[in-house]
Amino acid sequence: MVEKEIPLTESEVIKSCQAGNREAFRFLVEQFQDVLYGTAFMMTGDRTIAEDQVQEAFISAWKNIRTFRIGYPIKPWLVRILVNKVLSYQRDHVRTVSSVDSYHMADPVTSSTMEKIEQHDRIERAIDILPEEQRQVVLLRYFTGLSLAETSTALGRHQGTIKSQAHRALEKLKYLIEEQDSV
């Protein structure tokens with residue numbers, strides 16, 4: 001049996017997925033797995049949990065791909081599924097974060113590496129203090145790299161709400177980081 005070729009446009013790929021083409025879906029997985037993993041890792045702080053949640057999100061996406069509306073970008077839809085999976089997981093489990101683990105400690109530990117770890121820890125602690133809705137916006141906008149519209153779609157909130165939450169979050173982060181630096 002000859003597999004169909006994977007179409008070139010996102011809409012064609014999605015139509016092919018909706019018709020049951022697993023190779024087309026594999027193309028979507030390969031295209032978006034890094035951004036989903038990065039988002040999940042930033043939300044959980046744990047590589048294994050992040051990998052599991054990405055896998056769960058892709059399984060859910062495959063099961064529900066027929067409900068996706070052609071003409072809309074797929075990335076925010078996938079991110080929304082992932083965010084919902086991670087939030088559901090976090091409601092059911094204790095969140096643990098290990099910043100040092102996110103660096104390859106097989107590399108020699110230099111003062112530069114330690115400075116980066118300390119800076120990462122300060123930012124991470126500040127982000128953890130943010131209210132959940134603001135933390136989600138910061139992670140998606142500034143760490144996952146979603147646009148304002150994509151973040152709005154992924155979180156199911158109005159763009160104006162996302163914009164104001166991002167502004168308030170950045171102001172609070174600036175204050176929290178400055179406060180940590182003065183200690």
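Each reported figure results from applying straightforward, stated rules to the coordinates on display, with no laboratory input. If you're wondering where the values come from, they're calculated on a predicted model, not measured in any experiment. Don't worry about glycine lacking a Cβ; one is built from the backbone with ideal geometry, like all the others, and counts go over all protein chains shown.
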Ordered by residue, what ³J(HN,Hα) values in Hz, to whole numbers, does the stretch 140-145 give under the Karplus form 6.51 cos²θ - 1.76 cosθ + 1.60, where θ = phi - 60° and Gly and Pro are x? 6, 6, 9, 9, 8, x
Inter-probe distance in nm under a simple model that places probes 7 Å from Cα toward Cβ, at ILE59 and LYS174: 4.4 nm
7 Å from Cα along Cα→Cβ at both THR161 and ARG22: what's the point-to-point distance in nm? 3.9 nm
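Exposure proxy check: LEU139, LEU8, LEU87 ranked by fewest other beta carbons within 10 Å? Provide the component values of the computation, followed by the final result.
Numbers: LEU139 24, LEU8 8, LEU87 14.
Going from least to most buried by this count: LEU8, LEU87, LEU139.
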Which entries in the list LYS85/LYS172; LYS63/LYS85; LYS85/LYS174 go over 24 Å, if you measure between the two C-alpha atoms of each? LYS85/LYS172; LYS85/LYS174
Per-residue HN-Hα couplings for the stretch 153-169, Karplus 6.51 cos²θ - 1.76 cosθ + 1.60 at θ = phi - 60°, whole Hz, x for Gly and Pro? 5, 4, 9, x, 10, 5, 4, x, 5, 4, 4, 6, 5, 5, 4, 4, 5
Per-residue HN-Hα couplings for the stretch 54-67 [Karplus 6.51, -1.76, 1.60; θ = phi - 60°; Hz; x = Gly/Pro]: 5, 4, 4, 5, 5, 4, 4, 4, 4, 5, 10, 4, 5, 8
Give me the extension gain from ASP181 to GLU133: residue separation times 0.36 nm, minus the current Cα-Cα distance, reported in nm with one decimal. 14.8 nm
